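Following: one structure in structure tokens, then a few remarks.
The values are calculated or read from the model by the stated rules, or taken from the named source; none is laboratory data. The structure displayed is predicted, hence computed values, not measured ones. Cβ coordinates were reconstructed from backbone atoms using ideal geometry, including for glycine residues, and neighbour counts include every protein chain displayed.
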Amino acid sequence: MDWNVVVESFPLIWKGASITLSLFAWSLAIGTLLGLAVALMKLSPAKPLTWFATGFSWLFRGIPLLILLFYAFFALPEAGVLLSPFWAAVLGLSLWTAAYQAEVIRSGIIAVDHGQAEASDALGMTRGHSMRRIIIPQGIRIMIPPFTSNATTLLKQTSLATLVTVPEMTLLTQRIFSNNFKFIEPIFVLAVIYLAMTTVLVIGQQIAERTFRLKT
Amino acid sequence: MTDALVTVAGLHKSFGDLEVLKGINFEVSRGEVIAIIGPSGSGKTTMLRCVNLLERPTAGRIEVDGRVLCEELPDGSMRFSNKAEIRGIREHVGMVFQRFNLFPHMTALENVIEAPMAVKRLSKTDARARAHELLESVGLGHKADSYPLQLSGGQQQRVAIARALAMDPALMLFDEVTSAVDPELAGEILLVMKRLAQEGMTMLVVTHEMGFAAEVADRVLFIDHGLVVEEGPARQVLAEPRNPRTQAFLRAVLERAPMAEEGEEIPQGQAEQGSDDAAS
């Protein structure tokens, strides 16, 4: 074992890790907001919105992420939309994760006892207000575990951005292979860093569950 | 009493093929307390829920406080108030549910101030002051910072009453509000309701508490199979029911649980006598 390679390449890995994290953070933020919008559309009484939302889920859950990334990176420029590799990857990852987050959010909302919406209605609240203040805060408690699952998957899937030339952690680690012909050590470190990152998510889940637990 | 706060005329409601309400008519005057009794499945809860449009009638007209919630057009179709109008009406109609429906992620106080702040645009200071008053009045001043799941059923239901009262409603709807609490805790809820009635609140009370109906209600509506079968002063309907179905129902209720201590007694013989007719 030659850990020197890893130590020497540490700045490179560090840089890659920070790009991995910002890919993840942007995609999670955009994907979750988009997922919320899709979930609300799916629950809306307006048929066209429901159709749109159903189509969205169908499309972006049905196509492999890698192919979405290829579309964002190779096909969009053909249509005149030129994104940097980073933003092309964020676009693909966001759409993909949004489709999953939409289902998580929707199931959280419909799991909240219907009496809560009725009580809000009876008090004269608008639908928007009762969603924001009554339903969603209670739904979040139900959403936390599957949300974390999605987030963990998303974090690992950012490694696919390697294939559209985003210089994130996996790509930069590959560069160490090709410079030094050392595989075992860098790939071990890579796994450990991903594991550390997902561990933070799991801890976050536990904290969130405690925060949103109903006081008894 | 011509000062009708609620007018319900020709109210029909079907769920699919099932016709639950088959033409209900009644009026409620300001300050009147009406107990709505009847067997389960008779449509009494559905009828109550139509009064604030939690259920949409399939036919008929409902007017609350001079505002028409729904009416039948000459072509037979239904015209409903729009969303904003319905919210405007619900602002003045408080509802208390069988299963409380408190917001479990909010304290008692937060439950009470939420709608006044959101709907009536009360300042937080004013809303809190009023909420403390109301919680005090239902005997829960010391529980303002408790969460619903930390309270007993009786306490939760009293918070729910305070929450509805915080909107300063002209009318209160009670939907079997003691059915989901332990019998020994029902009394504390009924006491709050009794005081509310004495203060002049207009109340529509769907209930199985015959003692409460006898003592507090001005009028009783007996509903069976989607129709008002008997209607009259509480004492008369409960003590000397005229309709055989009312007689049979009261007899069944009384056999299970004797009539409440204070207030009215129902002559046992009378009710039993009616049961023969009811069998037909």
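Some observations on this one:
- Between A:110, A:135, A:142, the distinction of being surrounded by fewer than 19 Cβ atoms within 10 Å (Cβ to Cβ) and either at the interface with chain B (Cβ under 9 Å from one of its Cβ atoms) or under 25 Å from residue B:87 (Cα atoms) (or both) belongs to A:110 only.
- Among the residues of region B:59-80, just one is surrounded by fewer than 15 Cβ atoms within 10 Å (Cβ to Cβ) and in contact with a Cys (Cβ under 8 Å, 6 or more places away or on another chain), namely B:79.
- Within region B:92-103, residues that are more than 17 Å from residue B:201 (Cβ to Cβ) and facing chain A (nearest Cβ under 8 Å) sit with their Cβ atoms under 8 Å from residues that are part of a loop (DSSP other than H, G, I, E, B) and β-branched (Val, Ile, Thr), at 6+ positions apart or across chains, in these pairs: B:97/B:177.
- With respect to the conditions (1) buried (at least 17 other Cβ atoms within 10 Å of the Cβ); (2) within 13 Å of chain A (Cβ to nearest Cβ); (3) in contact with a Phe, Trp or Tyr (Cβ under 9 Å, 6 or more places away or on another chain), residue B:56 lacks only one, and its number is (1).
- Conditions (1) within 12 Å of chain A (Cβ to nearest Cβ); (2) assigned to a helix (DSSP H, G or I); (3) closer than 26 Å to residue B:42 by Cβ; number of the one not met by residue B:173: (2)
- Taken over region B:104-120, the criterion of being within 25 Å of residue B:5 (Cβ to Cβ) and either part of a loop (DSSP other than H, G, I, E, B) or more than 8 Å from chain A (Cβ to nearest Cβ) (or both) is satisfied by B:112, B:116, B:119, B:120.
- Here the condition is being surrounded by 23 or more Cβ atoms within 10 Å (Cβ to Cβ), touching a residue at least 24 places away in the same chain (Cβ under 8 Å) and under 22 Å from residue B:137 (Cα atoms); of B:223, B:161, it holds for B:161 alone.
- Within region A:67-85, restricting attention to residues that are more than 15 Å from the chain's Cα centre (by Cα) and closer than 11 Å to residue A:161 by Cβ, the residue that is surrounded by the fewest Cβ atoms within 10 Å (Cβ to Cβ) is A:85.
- Among (1) more than 14 Å from chain B (Cβ to nearest Cβ); (2) surrounded by 22 or more Cβ atoms within 10 Å (Cβ to Cβ); (3) among the small types (Gly, Ala, Ser) - the single one residue A:159 does not satisfy: (2)
- Helices (runs of 4 or more DSSP H) completely within region B:210-280 that count 2 or more residues being at pLDDT 50 or above: B:210-216, B:234-239, B:244-256
- Among the residues making up region B:94-128, those that are touching a Leu at 6+ places or on another chain (Cβ under 6 Å) and farther than 22 Å from residue B:180 by Cα are B:115, B:116.
- Screening residue B:81 with (1) at pLDDT below 95; (2) under 27 Å from residue B:215 (Cβ atoms); (3) in contact with a helix residue (DSSP H, G or I) (Cβ under 9 Å, 6 or more places away or on another chain) gives one miss only, at (2).
- Some residue of region A:46-57 being over 21 Å from the mean Cα position of the chain (by Cα), modelled with pLDDT of 90 or more and either part of a loop (DSSP other than H, G, I, E, B) or buried (at least 17 other Cβ atoms within 10 Å of the Cβ) (or both): yes
- Of all residues in region B:78-91 being in contact (Cβ under 8 Å) with a residue 24 or more places away in the chain and part of a loop (DSSP other than H, G, I, E, B), the one that is nearest to the other protein chains (Cβ to nearest Cβ): B:91
- Criterion applied to B:187, B:139 was being surrounded by fewer than 20 Cβ atoms within 10 Å (Cβ to Cβ) and part of a loop (DSSP other than H, G, I, E, B), and the one residue passing it is B:139.
- Qualifying residue in region A:121-128 (condition: more than 12 Å from chain B (Cβ to nearest Cβ), closer than 20 Å to residue A:38 by Cβ and either without any contact (Cβ under 8 Å) to a residue 60 or more places away in the chain or not small (Gly, Ala, Ser) (or both)): no
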